[in-house]
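Comments concern the structure below.
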Amino acid sequence: GSVRESVAGKAALSFAYDHVCDQSSAQEEIFERVGRDAVDGVVEGYHGCVLAYGQTGAGKTYSMQGGDALDAPNAGLIPRALKRLFERCESARNAAIEAGGACEIEVKCSYLEIYNETLRDLLMNTEHDGPAPNVREDAKRGTFVENLHEERVHGAEQTYETFLRGAANRRVGQTNMNADSSRSHSVFTISVESRTKAHPTAPTTKKSALLHLVDLAGSERQKSTDAAGERLKEASAINKSLSALGNVIKALVDVADGKERHVPYRDSKLTFLLKDALGGRARCTLLACVSPAHVNVEETMSTLKFAQRAKLVKVRAVANEE
């Protein structure tokens, strides 16, 4: 699909994407276009990542979360992903049993917030006095977060309740752009590990993968929000983090063009955490949310340009299988 956008006094620009949804698009369509492949892949051992990007008020959190019920008609990408995930897990178990084999699948989830470049575990209460979460990296695991609580879950309903518990702890604050603006990046991660014996004499195959579902803080300029004091500090941290994400995307596009470039993953907690996902090892999709309002045309243009650059990153996902 394509989008045409124009600024007063300038020629209209066209942007091409894999798919374009408008205001009439149902939440189910968003999931089918954006989330389904990533969910199916994680059961098969492929890392996945969906990032919602755009200015405050453009619909990122609504697209990712939607209504407050798992089966609500306006349920967002995350609840739909959870339902699809556990359906696929059940199908994998049944297929192995029918073939005379066996399949064990363990699902865990974690939920963290990146606020002013500090990581916070959204599934632990604020009085928790243990060591703070921290992004680390090693040769075997890639990037991971130490000291982050992982909750073992057994179904879509339980997992969604866990998600809502964490979502209630997210930092929100009023700005000129939105009365209930998310002032942090949030990363809801689902871990899937499976051990499958396809038939009685087959060796056991182990697969493991992570699915990151990311709701980014708003990408608007500080002057648009009338930010001051604590809000200004938040806005500065958000813009620095999103700028780092933009620099990583730009470097990855250069690498895709055959240029030798250092990719600055460590310039922010967000890009370091998502290093494996952004770097091509995952089925990664960017959901760019824009406003149709003319007053937001500059923010919309910025988001459209960011998404067009991101589309040029080459993805070579491989299954994590032993």
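Computed from the coordinates by the stated procedures, all read-outs in this text should not be read as laboratory data. Values in this document were obtained by computation on a predicted structure and should not be read as measured data. Virtual Cβ from ideal backbone geometry, glycine too; neighbours counted across all protein chains shown.
In terms of other Cβ atoms within 10 Å, D37, D22 run from fewest to most in the order D22, D37. Straight-line cross-link reach from K275 at under 24 Å between alpha-carbon atoms covers these lysines, not counting any fewer than eight positions away in the same chain: K60, K108, K140, K206, K207, K240, K250, K259, K305, K311, K314. Build a GNM of the chain with springs between Cα atoms under 10 Å apart, and of S14, S302, S291 the one that fluctuates most is S14. Using a Gaussian network model of the chain whose springs link C-alpha atoms within less than 10 Å, name the residue from E230, E150, E32 with the highest mean-square fluctuation. Highest fluctuation among the options: E230. Applying 1/(1 + (r/R0)^6) with R0 = 30 Å to the Cβ-Cβ distance of R171 and L13 gives a FRET efficiency near 0.30.
Subtracting the Cα-Cα distance of R136 and D254 from 0.36 nm times their residue separation leaves 39.9 nm of extension gain. Look at the alpha carbon pairs under 8 Å that are at least 6 residues apart: their mean separation over the length of the chain gives a relative contact order of 25 percent. Each label point was placed 7 Å from the Cα along the Cα-to-Cβ direction; for V315 and E151 their separation is 2.8 nm.
Structural descriptor for the range 47-130: relative contact order 12 percent, calculated from alpha carbon pairs under 8 angstrom and at least 6 residues apart. Axis angle, to the nearest 10 degrees, between helix 156-167 and the longest C-alpha principal axis of the chain: 40 degrees.
For F86, neighbours were defined as the other residues whose beta-carbon sits under 11 Å from its Cβ, and their charges (Lys and Arg +1, Asp and Glu -1) total +1. Per-residue Karplus couplings for the range 278-290, computed as 6.51 cos²θ - 1.76 cosθ + 1.60 with θ equal to phi - 60°, are listed in order as 6, x, x, 8, 10, 7, 10, 10, 9, 9, 8, 9, 10 Hz, Gly and Pro entered as x. With helices as the sole contributors, the chain gives -10000 deg cm²/dmol at 222 nm; each DSSP H run of n ≥ 4 counts as -39500 (n - 2.57), and the sum is divided by every residue. Cβ distances below 4.7 Å define possible disulfide partners, and in the chain the cysteines left without one are C21, C89, C103, C109, C289.
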